[in-house]
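Single-structure report; data block below.
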Amino acid sequence: MPPETLHLTVRADGAVLASLPGRTDPQELGTLELTNFTNPGALQAIGGNLYQPTAATGQELRQKPGEQGMAACRRASSRGANVKAVEEMIDMISTQRSYEMNSKVISTADQMLQRLTSLR
């Protein structure tokens, strides 16, 4: 990518375009390529959200985005987390309180049984 790049765009077909000062048309820098494997579950995590193929991943299938079942690039979109933090915190607090109440019930029942057995 040229250091003077003002704006970078990725089209749905994977083409990477750079807007440069003094030019009206963006310059095409290259094209993204997506890779799929017959057994993607066998990819080895190497950290930093990176994976590398192993002998068990099978054949490497390289395609342009949007071709033959491959995903397309989407402009101005970001992937959100699958977790809704506020809802999860509320569920966690609710679960914790339920656990505490059940623990107190068991403790109270145990104390009552101890008193009953000590009276005999």
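Computed over the chain, the per-residue total of -39500 (n - 2.57) for DSSP H runs of n ≥ 4 gives a 222 nm mean residue ellipticity of -10500 deg cm²/dmol, rounded to 500. The share of accessible area on the stretch 1-78 that comes from carbon and sulfur is 49 percent, using a 1.4 angstrom probe.
Nothing charged except the Cβ atoms of Lys and Arg (+1) and of Asp and Glu (-1): what's the magnitude of the dipole of the chain about its Cα centre? Round to the nearest 20 debye.
Working: 12 positive and 12 negative charges, 109 e Å.
The dipole of the chain has a size of about 520 debye.
Shown is the FRET efficiency for Ser118 and Ser98, computed with R0 = 25 Å from the Cβ-Cβ distance and rounded to the nearest 0.05: 0.25. What the stretch 25-119 shows is 88 Å² of accessible area per residue, with the surface traced by a 1.4 Å probe over protein heavy atoms. Computing Cα Rg over 2.2 N^0.38 Å for the structure here picks out one of (1) 1.02; (2) 1.20; (3) 2.10, namely (3).
The values are calculated or read from the model by the stated rules, or taken from the named source; none is laboratory data. The model shown is predicted, which means the values in this text are computed figures rather than measured ones. All Cβ positions, even for glycine, are placed from backbone atoms using ideal geometry, and neighbour counts span all protein chains on display. When the accessible area is computed, the model is the full protein with side chains, heavy atoms only, and any ligands, DNA or RNA have been set aside. Shrake-Rupley method; radii C 1.70, N 1.55, O 1.52, S 1.80 Å.
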